[in-house]
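Engineer: One structure is given below, represented as structure tokens, and several questions about it will come after.
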Amino acid sequence: MRLAINIDHIATLRNARGGSEPDPAGAARICEAAGASGIVCHLREDRRHIRDADVHSLRQSIKGKLDLEMGATDEIIRIALEIAPDFVTLVPEHRRELTTEDGLDVRANKRQLEGAIKTFHQHNIPVSLFINPIREQIDLAREIGSDMIEIHTGEYADAHDRHKQNELLKQIQLGATHAKSLGLGVNAGHGIDYSNVAPIAAITEIDELSIGYAVIVRSIFVGLDHAVREMLALVAR
Ligand code: PXP
């Protein structure tokens with residue numbers, strides 16, 4: 001299982017003082033040197049953390065895979081085609097949310113998502129859809145030509161009741177198995193931290209985890225290199 005690190009919150013910190021430090025591309029290089037297989041960033045419509053120049057800089061400087069997380073809007077699609085990340089992850093995006101709140105509703109947005117997938121495929125860019133582990137959503141993702149899915153683990157991560165958490169874990173496991181049986185690549189992420197990663201990392205059908213906030217927060221105390229290595233050790237175990 002690969003570990004991709006989301007470095008959005010390095011940019012949040014950089015933007016707090018309007019300067020150039022800490023530099024997201026510099027952080028990405030540290031994550032890669034510590035063993036991360038890829039870097040994730042979310043270019044939001046409001047540019048609240050990652051900016052266009054950051055994505056260009058990441059594209060040029062990282063060695064592993066660049067996953068550009070984005071809403072399927074014309075403006076961001078145009079920028080993504082220019083940057084040519086290794087793959088894009090399409091997410092629902094709402095202006096007032098603190099972070100991505102839910103998975104995509106593939107049925108309700110079928111035409112828009114199908115069009116975006118076609119456009120990316122014309123440019124040889126694979127597409128992942130961020131969805132909840134629901135069979136219908138997975139089937140639709142396959143039907144409209146998605147290459148991968150990213151299973152939304154946020155509800156699992158937020159569940160404090162053990163019974164509920166086990167139920168949600170079972171859904172993630174079933175979703176991952178079903179997606180794999182359809183030939184889809186399977187990523188997972190959102191809300192994963194050092195205390196809840198182990199059961200997710202035990203799901204062998206998941207190819208890659210996308211983790212951001214917990215690692216960046218931990219890095220304040222132990223350094224980014226160490227924070228990534230600690231997470232990698234838990235994933236490997
Ligand atoms: N995957 C997706 C689609 C996300 O939107 C986010 C948050 O940016 C993550 C993974 C990473 O979540 P977290 O920062 O909670 O680890």
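Engineer: Of everything in region 141-175 that's under 17 Å from the mean Cα position of the chain (by Cα) and of a type in the set (Val, Ile, Thr), which residue is surrounded by the most Cβ atoms within 10 Å (Cβ to Cβ)?
Structural biologist: This residue is Ile149.
Engineer: Can you tell which of Asp46, Asp8, Asp52, Asp23 is under 15 Å from Ser210 (Cβ atoms) and among the charged types (D, E, K, R)?
Structural biologist: Asp8
Engineer: Contact list please: Cβ distance under 9 Å, first residue in region 82-101 and part of a loop (DSSP other than H, G, I, E, B) and open to solvent by 100 Å² or more (accessible area, probe 1.4 Å), second residue at pLDDT below 95 and away from the ligand (no atom under 11 Å from the Cβ), pairs at least six apart or on different chains.
Structural biologist: As it stands, the answer is Arg95/Glu45; Arg95/Asp46; Glu101/His94, since those pairs meet every condition given.
Engineer: Considering only residues that are part of a strand (DSSP E or B) and within 11 Å of Val88 (Cα to Cα), which ones fall in region 124-139?
Structural biologist: The first filter runs over region 124-139 and keeps only residues part of a strand (DSSP E or B), leaving 127-131.
The answer is Val127, Ser128, Leu129, Phe130.
Condition check ((1) part of a loop (DSSP other than H, G, I, E, B); (2) open to solvent by less than 50 Å² (accessible area, probe 1.4 Å); (3) of a type in the set (D, E, K, R); (4) more than 16 Å from the ligand (Cβ to nearest atom)) across all residues:
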{"residue": "Thr177", "(1), (2), (3), (4)": "no, no, no, yes"}
{"residue": "Val186", "(1), (2), (3), (4)": "no, yes, no, no"}
{"residue": "Gly191", "(1), (2), (3), (4)": "yes, yes, no, no"}
{"residue": "Ile216", "(1), (2), (3), (4)": "no, yes, no, no"}
{"residue": "Ser219", "(1), (2), (3), (4)": "no, yes, no, no"}
{"residue": "Arg229", "(1), (2), (3), (4)": "no, no, yes, yes"}
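Engineer: Being part of a helix (DSSP H, G or I) and within 15 Å of the ligand (Cβ to nearest atom) is the filter here, so list the residues in region 140-174 that pass it.
Structural biologist: Ala141, Gly154, Glu155, Tyr156, Ala157, Asp158, Ile172
Engineer: Scan region 48-62 for residues that are modelled with pLDDT of 95 or more and open to solvent by 40 Å² or more (accessible area, probe 1.4 Å) and report the count.
Structural biologist: 7
Engineer: Could you please find all residues in region 193-214 being open to solvent by less than 10 Å² (accessible area, probe 1.4 Å) and free of Cβ contacts under 8 Å to residues at least 40 places away in the same chain?
Structural biologist: Correct list: Val197, Ile203.
Engineer: So, one more: From the residues in region 102-123 that are away from the ligand (no atom under 14 Å from the Cβ) and part of a loop (DSSP other than H, G, I, E, B), which one is least open to solvent (accessible area, probe 1.4 Å)?
Structural biologist: Top of the filtered list is Val106.
The values are calculated or read from the model by the stated rules, or taken from the named source; none is laboratory data. Computed from a predicted structure; not experimentally measured. A quick note on method: Cβ atoms are made from the backbone with ideal geometry, for glycine too, and the neighbour counts reach across all protein chains shown. Heads up: the accessible areas ignore ligands, DNA and RNA and are worked out on the full protein's heavy atoms, side chains in. Shrake-Rupley method; radii C 1.70, N 1.55, O 1.52, S 1.80 Å.
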